[in-house]
1. Using the structure shown, decide if A207 is within 18 Å of W358 (Cα to Cα), buried (at least 21 other Cβ atoms within 10 Å of the Cβ) and not polar (S, T, N, Q).
2. Using the structure shown, decide if L353 is touching a helix residue (DSSP H, G or I) at 6+ places or on another chain (Cβ under 6 Å) and under 30 Å from T178 (Cα atoms).
3. What is the residue count in the range 192-216 for residues that are touching a Pro at 6+ places or on another chain (Cβ under 7 Å) and at pLDDT 90 or above?
4. Condition first: of a type in the set (V, I, T) and either without any contact (Cβ under 8 Å) to a residue 12 or more places away in the chain or closer than 23 Å to I328 by Cβ (or both). Now tell me which residues in the range 46-95 satisfy that.
5. Tally the residues that are buried (at least 23 other Cβ atoms within 10 Å of the Cβ) and either out of contact with any Gly (no Cβ under 6 Å at 6 or more places or on another chain) or at pLDDT below 95 (or both), restricting the search to the range 323-332.
6. Answer yes if at least one residue in the range 15-25 is of a type outside the set (D, E, K, R), farther than 18 Å from P160 by Cα and part of a helix (DSSP H, G or I), and no otherwise.
Amino acid sequence: MKRYLQVLLVFLLVVISFHFFEAWFLKDKLAKYIVFFSLSGAIAISVPYLMPKQDGFVLPVQLIVLSILLSMFMAYLSWDQGLMDSIIETVPYLIWIVFFYLLHIKIPVKTIEKIILIYGAVYVILYFYQLANSHTVLFGKPISGDEFTEQRGAVRIIFPGAGIFILAIFMAINKLTTGAKGKWIWITFSILGIVIPILQVTRQFIAGVLLIYLFHLIRNQSVFKKALIMTSFIGILIFMAYSDNQMIIGVIEAQERDAKLGEDYIRVLAGGYFITDFSPNPLSRILGNGAPNWGVSDYGVFIKNLADRREYFLSDVGIIGMYAMFGILAVIGYIQIWVKSITIPLPKEYYYLKYYLWYLLITSLTWYSVYHYSYLISTVFVLYSYQVIYKYQERVKVLKRRFKYSAVSVLKPAKEISAKNGAYY
């Protein structure tokens, strides 16, 4: 019974961390209270497990958590933002701590995969429902104004909770090519992984997904097949570039317009400002400025004015925005995560974990995927699963050295150890 309650808690934590996909039909204050107290509770039960052995991804996550905690005090010291304002704004970012709770309760990776698939399907259903009813805002927030409008040849809906969908589609292409059961599920998600980014006409979304898809297709292929796939991929891009599809035309025109701006491109200007001019003192340049209470505290009003008057958004500059809020330690933590995603090996059926982290790297300078609540619980799932598999592989190595078994004879006791701990199988 305890195990089922733990799994249920983790399952519900996903939709809560997404703020219920920002559903407008929920009473605003009630939803905010539920999210705040639920996330605070999840953080509280995770804190006692904050100091496990520092290997794998443990230290990078600890650095990020420490940077977020310190930033609340920096918001008070540098901007005179009240502690309660900082707590309210910071709690959603502290979902990183749940990584340590997962390590403690040892939920099987297979269970995490099922949760990812379920919420990936929920994301798809709700997105298409919102698209079919685009005249009424049911989920998320319009980019401008009070309703979803046509931009770049499509009704542009940046649907909340994208992290879980991205993780699901990378898992799908991975499982599809490694012979996992459920072929049609993987095919469906793999196709949707191209269709939905195009429908949302978001350049970093499209580019990040296509680059990962391409890498997956050419990985482990012969030189001839790699050349054939690359040629086909380039050919498809050229064909699309010269097509009459208004969505593709809109994306290309936006890219050409921004490219012509060069150093005057708004994201370049905003990035430079948040790195060099934003922090009011040297300590804030190191430890960050904290999460602003948008439009409420003096700090939040300042950030809102930056957005309204100069179009400088923290969300538009990705990890630079994370640095501005949480300081250098958070950036160091992410750099360590990306380095480890390259250096720590994985079995081929779990490469989707690497793909997700690399997607964050690809979009890290132009989107909020590294720190926004639409992505954080997915990032926690990825790091937890990666950590569990890494620890499993380390145990196998120890058993090989200790008993000098063959790879086949070692695998059985290693599986038994993992099953006993409820961690891997």
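The values are calculated or read from the model by the stated rules, or taken from the named source; none is laboratory data. What you see is a predicted model; the values in this text were computed from it and never measured. Reconstructed Cβ throughout: ideal geometry from the backbone, glycine too, with neighbour counts over all protein chains shown.
1. No.
2. In short, yes.
3. 1
4. V58, V61, I64, V65, I68, I87, T90, V91, I95
5. 3
6. No, because not a single residue in the range 15-25 is of a type outside the set (D, E, K, R), farther than 18 Å from P160 by Cα and part of a helix (DSSP H, G or I).
Here's the yes/no breakdown for (1) at pLDDT 95 or above; (2) within 23 Å of A172 (Cβ to Cβ); (3) buried (at least 24 other Cβ atoms within 10 Å of the Cβ):
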site: K348; (1), (2), (3): no, yes, no
site: K354; (1), (2), (3): yes, yes, no
site: L360; (1), (2), (3): yes, yes, yes
site: T366; (1), (2), (3): no, no, no
site: V382; (1), (2), (3): yes, yes, yes
site: R395; (1), (2), (3): no, no, no
site: V398; (1), (2), (3): no, no, no
site: V408; (1), (2), (3): no, no, no
site: K412; (1), (2), (3): no, no, no
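Residues checked against (1) surrounded by fewer than 19 Cβ atoms within 10 Å (Cβ to Cβ); (2) not in a helix (DSSP H, G or I); (3) not aromatic (F, W, Y):
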{"site": "S279", "(1), (2), (3)": "no, yes, yes"}
{"site": "N293", "(1), (2), (3)": "no, yes, yes"}
{"site": "K304", "(1), (2), (3)": "yes, no, yes"}
{"site": "D308", "(1), (2), (3)": "yes, no, yes"}
{"site": "G321", "(1), (2), (3)": "no, no, yes"}
